[in-house]
Amino acid sequence: MKEQDNCKIFQLDKQRILLVSFGQFEKKFLHKIAAAVQPVIGLPVDIESGYTDLSKYYDPARRQYDGNRLIHFIHSEYAFDKRKVIGLFQVDLFIPILTYIIGQAIYKGNAGVVSFFRLKNELYGLKKDDNLLFERFVKEIVHELGHTMGLIHCYSTICVMRSSTYIEDVDQKEAHFCSKCRQKLDEER
């Protein structure tokens with residue numbers, strides 16, 4: 001094997017996903033999330049607990065947490081190598097131009113955030129459904145990871161890269177990439 005080929009294999013081995021949990025997520029739940037994300041993304045997924053004073057990111061006028069500032073925190077504190085890092089939260093997130101966000105990531109970067117606050121049925125007056133909450137959370141984590149890997153929003157109604165403005169959008173899409181997005185993802189690697 002050539003030295004150049006060895007370098008390429010070494011680089012692929014170094015590429016990983018890190019999910020950093022902020023909040024009271026059960027370890028069993030996080031391991032289940034990682035196990036669901038890994039085959040879709042095709043990279044090993046690690047889990048870590050993170051700690052920060054979330055009050056620094058709270059906007060009292062909006063009664064929400066600033067997603068942009070949280071991404072910058074994730075980027076500066078956790079995304080220091082080839083890993084793609086997603087911070088997992090349970091608080092209501094926003095960015096200045098939107099009423100709320102479920103998640104956001106740095107396009108072709110290495111950091112993002114996802115919150116399951118807006119993914120809970122109870123917020124919409126519906127019966128609690130832990131299985132549906134899990135499915136929604138996985139979809140949004142994969143979606144944000146797709147952005148870090150160079151994918152934009154997709155128009156396919158079932159592609160995980162479809163934009164999710166409303167909870168119905170999340171429910172309609174599937175937890176995997178359409179063939180077009182999968183091809184682009186494979187080309188980007």
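The values are calculated or read from the model by the stated rules, or taken from the named source; none is laboratory data. Being a predicted model, the structure only gives us computed values, none of them experimental. Glycine gets a Cβ as well: all are built from the backbone with ideal geometry, and neighbour counts include every protein chain shown.
Looking at the range 108-189, the helices (runs of 4 or more DSSP H) lying wholly inside it that each contain 3 or more residues that are among the basic types (Lys, Arg) and more than 13 Å from the chain's Cα centre (by Cα) sit at 179-188.
Here's the yes/no breakdown for (1) crowded, with 18+ Cβ neighbours inside 10 Å; (2) of a type in the set (D, E, K, R); (3) within 22 Å of THR148 (Cα to Cα):
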position: ALA36; (1), (2), (3): yes, no, yes
position: ASN68; (1), (2), (3): no, no, yes
position: ALA105; (1), (2), (3): yes, no, yes
position: LEU132; (1), (2), (3): no, no, no
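Yes/no per residue for (1) under 18 Å from TYR107 (Cα atoms); (2) of a type outside the set (Phe, Trp, Tyr); (3) at pLDDT 95 or above:
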residue: LEU151; (1), (2), (3): yes, yes, yes
residue: PHE177; (1), (2), (3): yes, no, yes
residue: LYS184; (1), (2), (3): yes, yes, no
residue: GLU187; (1), (2), (3): yes, yes, no
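Return the residues of the range 129-145 that are more than 17 Å from VAL20 (Cα to Cα) and not charged (D, E, K, R); say none if nothing qualifies. Selection gives ASN131, LEU132, LEU133.
Each row is one residue, and each column tells you yes or no for (1) within 24 Å of LEU185 (Cβ to Cβ); (2) at pLDDT 95 or above.
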position: LYS84; (1), (2): yes, yes
position: LEU98; (1), (2): no, no
position: ILE102; (1), (2): yes, yes
position: ILE106; (1), (2): yes, yes
position: PHE117; (1), (2): no, yes
position: GLU140; (1), (2): yes, yes
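One residue is enough: does the range 156-174 have a residue meeting the conditions touching a His at 6+ places or on another chain (Cβ under 8 Å) and surrounded by fewer than 20 Cβ atoms within 10 Å (Cβ to Cβ)? Yes, that holds for at least one residue. Taking the stated definitions as given, is TYR100 part of a strand (DSSP E or B), hydroxyl-bearing (Ser, Thr, Tyr) and over 15 Å from LEU19 (Cβ atoms)? Against the criterion (part of a strand (DSSP E or B), hydroxyl-bearing (Ser, Thr, Tyr) and over 15 Å from LEU19 (Cβ atoms)), TYR100 qualifies.
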